[in-house]
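Below: the structure, in structure tokens.
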Amino acid sequence: MRWRGSDHDLAMQQATAASVLGDFSASDVVLDGQTWSFEQRDDGFFTRPPDGDVPEPEQRVAYTFGVRPLQQYLVTGAGGRLQPLPVAWDSRPREAGGQRWIHIYQGEGLRVGDPLHWTGRVQTWNHQCAACHSTGLERGYDEASDRYQTRWQELDVGCEACHGPGALHVELARGDDAAGARAAIRGLGHSPGRWTFAAGDPIARRSLPAEHAQREIDTCAPCHSRRSRIAPDSPPGDAFLDGYLPSLLEEGLYFADGRMRDEVYVWGSFQQSRMHAAGVRCSDCHDPHSLEVRTGPDAVCASCHQPAVFATSEHHGHAPRSPGASCVACHMPERTYMQVDARRDHSLSIPRPDIAALTGSPSVCAACHEGRDAEWAAAQLAQRGALRDDPHPGVAIAAAWAEEADAGTGLAALIDDTAQPAITRATAASLLGRELDRKTLPALRAALADPDALVRLGAVRALEALAPVDRLALGREQLRDPVLAVRIEAARTLVEAPPDAWAPGERVALADALRDYRRSQEINADRVEAQLNLSALETRLGNAAEAIERARRALAFAPNEPVTRVNLADVLRRGGKSGEEEAERVLREGLARQPASAELELALGLSLVRQGRPEQALTEIERSYDHAPDSRRIAYTYAIALQSAGRIDEGIAVLEQAHSRYPRDPELLYALATIERDRGRRAAAARWAEALLALDPTDRHAQSLLSSLERESR
């Protein structure tokens with residue numbers, strides 16, 4: 001059976017002499033500057049973490065986690081938790097550099113209390129890892145006690161994880177309601193259709209439309225994507241966006257050209273590929289049971305791409321059988337995670353060193369041509385006439401990330417180009433919120449009505465940049481969207497719209513969508529993010545006591561995270577003078593833990609302003625600016641505080657410096673224009689007002705400001 005011994009079969013195992021690959025013979029190993037001790041005894045495998053990591057000096061390994069290229073180990077934590085050790089066994093052969101202990105977070109200097117420290121909530125197996133390494137998981141989290149009673153049907157990734165409940169297959173075999181059983185079986189399964197070459201065509205085509213591959217991709221997506229669960233039960237093969245909320249091509253997760261940067265687990269990468277658009281599914285390249293590439297990396301490409309056309313020096317520009325002649329070397333470059341785990345990008349994109357140079361993305365060519373930059377590689381391709389000159393979506397996305405002038409035009413064009421992948425258009429739509437004006441608004445309207453749910457999801461996220469009443473005017477239809485992910489994002493975004501803006505019956509749709517949104521967060525109630533999201537929702541609904549309770553819970557989960565303290569302080573201050581005083585106490589407690597947190601210093605400074613203590617406030621805001629001078633929000637706040645203190649020239653200097661970094665930020669321009677106006681420098685104020693109008697000629701406030709300045713000058 002091909003599944004036996006696969007990564008799915010070995011995803012998680014009881015820690016036994018047969019399953020543990022690491023060298024636990026009594027020894028001390030120095031990893032990342034700290035000493036770890038390992039020992040194998042008759043009653044199991046044990047490790048002694050560095051002093052101060054955990055109260056218990058000795059940890060018993062309960063389970064192995066994964067198998068290649070490294071194997072991690074799970075130990076038991078408080079409240080039914082399992083926690084993965086940060087040290088893992090490199091299971092590669094010794095000649096490949098393996099058979100050694102490694103530290104997954106080498107060089108990051110994580111200590112107890114850091115969000116990513118191995119003892120922390122972010123690393124808890126029960127939520128973070130379990131669903132994709134086991135079958136039939138019941139997390140069993142009790143919010144009141146903050147404890148788990150996690151159970152599973154199978155310890156590893158078994159048949160039912162992909163094929164659904166086995167009882168349905170038994171019914172089908174027996175003939176008991178065979179039609180019903182067949183209809184209920186989800187997940188992996190080969191529909192008819194073969195890949196064939198038409199006469200003279202170098203690329204094979206499938207005899208069925210691309211959508212026939214979707215169920216299989218939706219089966220694999222939950223465990224091979226960066227996402228959060230939004231439904232309590234999502235059977236294998238069900239529509240992905242009805243059970244999960246995926247990340248788009250977000251800065252930090254992907255490079256601007258679409259290739260993966262952080263661990264994003266393939267789905268978002270593959271969604272961008274021409275292979276996906278043509279109907280290729282996972283099992284066309286990978287055996288779904290052994291998980292191995294069917295015929296070897298380059299050979300599997302040849303099953304759909306004629307070698308006589310593509311495996312030639314004329315195509316790839318390299319000597320035959322050289323590293324540069326490999327399909328995957330150029331079209332699926334590797335990126336290494338957890339020190340030794342090399343994973344191939346699945347966007348299967350054409351190398352574009354010219355785009356890498358423009359966007360700051362890594363050049364694919366540099367993997368082989370060490371010391372050569374993207375400009376050199378682009379010149380080499382241009383010299384042999386192989387450099388493409390067609391538009392690339394990465395240029396528009398990079399411009400939006402950098403907030404370049406007229407970035408909205410490129411985003412709007414990307415949204416309107418239906419030949420682009422849905423995830424790329426969705427990303428453009430989500431970024432358009434920063435760039436909305438009369439020219440780009442039609443693209444957002446079109447995205448909200450797009451046939452693809454992913455594009456609609458991105459468009460709903462863009463609405464957050466608008467005033468609540470404008471959000472509702474544009475996005476009200478999404479409250480009844482047939483796809484769960486879109487509905488709940490719409491509910492979260494539109495809930496602040498004023499009561500008189502709602503049409504008859506829409507409040508019912510909002511209530512239904514909010515119920516789904518609450519449930520999506522309660523599913524993840526053991527996560528800080530879910531508690532913060534619920535706190536924000538209750539704040540928007542005016543439920544102060546519930547908002548505070550959720551905020552306190554988030555702080556208890558992550559006392560060293562500034563965002564949890566700032567959020568609690570924000571909901572507390574809404575309770576009047578006593579609330580503001582309690583908010584100050586919460587913020588000062590945070591600064592005692594993290595004395596250089598710009599977020600906490602800014603929040604404390606604003607609290608002191610509200611309490612009528614301007615001199616103390618300015619001190620805190622100045623510290624915040626010193627620790628984060630590149631933050632536009634902090635720079636703006638600091639400049640206004642300086643102006644209020646009579647230090648106007650200093651405030652103008654701070655604003656001008658911030659404007660040089662963020663030339664398209666209207667808030668900075670408004671501040672510059674009004675401060676210059678108020679101190680009688682009308683010509684300077686007019687220049688800033690004109691800059692505002694250059695950004696958006698329809699800006700009525702800027703028009704009015706410039707008109708008044710011109711009248712005063714006359």
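Tabulated values for the structure
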item	result
Verdict on residue 658 being assigned to a helix (DSSP H, G or I) and either at pLDDT below 95 or open to solvent by less than 70 Å² (accessible area, probe 1.4 Å) (or both)	yes
Of all residues in the stretch 418-440 being open to solvent by 10 Å² or more (accessible area, probe 1.4 Å), in a helix (DSSP H, G or I) and at pLDDT 95 or above, the one that is nearest to residue 221 (Cα to Cα)	422
Residue within the stretch 543-564 that is open to solvent by 60 Å² or more (accessible area, probe 1.4 Å), modelled with pLDDT of 95 or more, closer than 30 Å to residue 647 by Cβ and among the charged types (D, E, K, R) present	no
Test: residue in the stretch 276-291 that is in contact with a helix residue (DSSP H, G or I) (Cβ under 9 Å, 6 or more places away or on another chain), under 24 Å from residue 388 (Cα atoms) and of a type outside the set (A, V, I, L, M)	yes
Single residue of the stretch 388-397 satisfying the filter (in contact (Cβ under 8 Å) with a residue 24 or more places away in the chain and open to solvent by 60 Å² or more (accessible area, probe 1.4 Å)) that is nearest to residue 435 (Cα to Cα)	395
The stretch 339-373, subset of a type in the set (D, E, K, R) and within 21 Å of residue 385 (Cα to Cα), residue nearest to the chain's Cα centre (by Cα)	352
Single residue of 620, 667 found to be surrounded by 15 or more Cβ atoms within 10 Å (Cβ to Cβ) and acidic (Asp, Glu)	620
Search result, residues across the stretch 132-145 that are open to solvent by less than 50 Å² (accessible area, probe 1.4 Å) and of a type in the set (Gly, Ala, Ser)	134, 136, 140
Residue match in the stretch 69-78 (condition: of a type outside the set (Gly, Ala, Ser), under 19 Å from residue 111 (Cβ atoms) and surrounded by 12 or more Cβ atoms within 10 Å (Cβ to Cβ))	yes
Elements of type strands (runs of 3 or more DSSP E) in the stretch 16-103, at least 2 residues being of a type in the set (Gly, Ala, Ser)	none
Every residue from the stretch 79-120 that is among the basic types (Lys, Arg) and surrounded by fewer than 20 Cβ atoms within 10 Å (Cβ to Cβ)	92, 94, 100, 111
Neighbours by Cβ (under 6 Å, 6+ apart or cross-chain): first from the stretch 409-423, free of Cβ contacts under 8 Å to residues at least 40 places away in the same chain; second of a type in the set (Ser, Thr, Tyr) and assigned to a loop (DSSP other than H, G, I, E, B)	412/440
Search result, residues across the stretch 129-160 that are of a type in the set (A, V, I, L, M, F, W, C) and within 16 Å of residue 222 (Cα to Cα)	129, 130, 131, 132, 137, 157, 159
Residue check, residue 336 surrounded by fewer than 20 Cβ atoms within 10 Å (Cβ to Cβ) and in a loop (DSSP other than H, G, I, E, B)	no
Flag for residue 329 being closer than 29 Å to residue 251 by Cα, hydrophobic (A, V, I, L, M, F, W, C) and in contact with a Phe, Trp or Tyr (Cβ under 9 Å, 6 or more places away or on another chain)	no
Conditions (1) over 22 Å from residue 160 (Cβ atoms); (2) open to solvent by less than 60 Å² (accessible area, probe 1.4 Å); (3) of a type outside the set (Ser, Thr, Tyr): number failed by residue 251	(2)
Every pair of residues 6+ apart whose Cβ atoms lie under 7 Å, when the first sits in the stretch 129-149 and is in contact (Cβ under 8 Å) with a residue 40 or more places away in the chain while the second is surrounded by fewer than 17 Cβ atoms within 10 Å (Cβ to Cβ) and part of a strand (DSSP E or B)	134/154; 140/151
Spans of helices (runs of 4 or more DSSP H) in the stretch 254-329 with at least 3 residues open to solvent by less than 30 Å² (accessible area, probe 1.4 Å), in contact (Cβ under 8 Å) with a residue 40 or more places away in the chain and within 30 Å of residue 401 (Cα to Cα)	267-270
Only one of 573, 647 that is open to solvent by 70 Å² or more (accessible area, probe 1.4 Å) and under 32 Å from the mean Cα position of the chain (by Cα)	573
Cross-chain or 6+ apart pairs with Cβ under 7 Å, the stretch 49-74 first and under 13 Å from residue 16 (Cα atoms) and among the hydrophobic types (A, V, I, L, M, F, W, C), then open to solvent by 10 Å² or more (accessible area, probe 1.4 Å) and at pLDDT below 90	none
Cβ-Cβ under 6 Å pairs, at least 6 apart or on other chains, the stretch 218-247 side more than 24 Å from residue 343 (Cα to Cα), far side in a helix (DSSP H, G or I) and hydrophobic (A, V, I, L, M, F, W, C)	236/162; 241/453; 241/485; 242/484
Hey, residue 694 free of Cβ contacts under 8 Å to residues at least 12 places away in the same chain, among the hydrophobic types (A, V, I, L, M, F, W, C) and assigned to a helix (DSSP H, G or I) or not	yes
Residue in the stretch 359-373 that is open to solvent by 40 Å² or more (accessible area, probe 1.4 Å) and among the acidic types (Asp, Glu) present	yes
Meets criteria (under 18 Å from residue 463 (Cβ atoms), at pLDDT 95 or above, surrounded by fewer than 21 Cβ atoms within 10 Å (Cβ to Cβ) and of a type in the set (D, E, K, R)) for residue 445	yes
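The values are calculated or read from the model by the stated rules, or taken from the named source; none is laboratory data. No experiment lies behind these values; they were computed from the predicted model shown. Glycine also receives a Cβ, built like all others from the backbone with ideal geometry; neighbour counts cover every protein chain displayed. Just the protein is used for accessible areas: all its heavy atoms, side chains included, with ligands, DNA and RNA removed. Shrake-Rupley method; radii C 1.70, N 1.55, O 1.52, S 1.80 Å.
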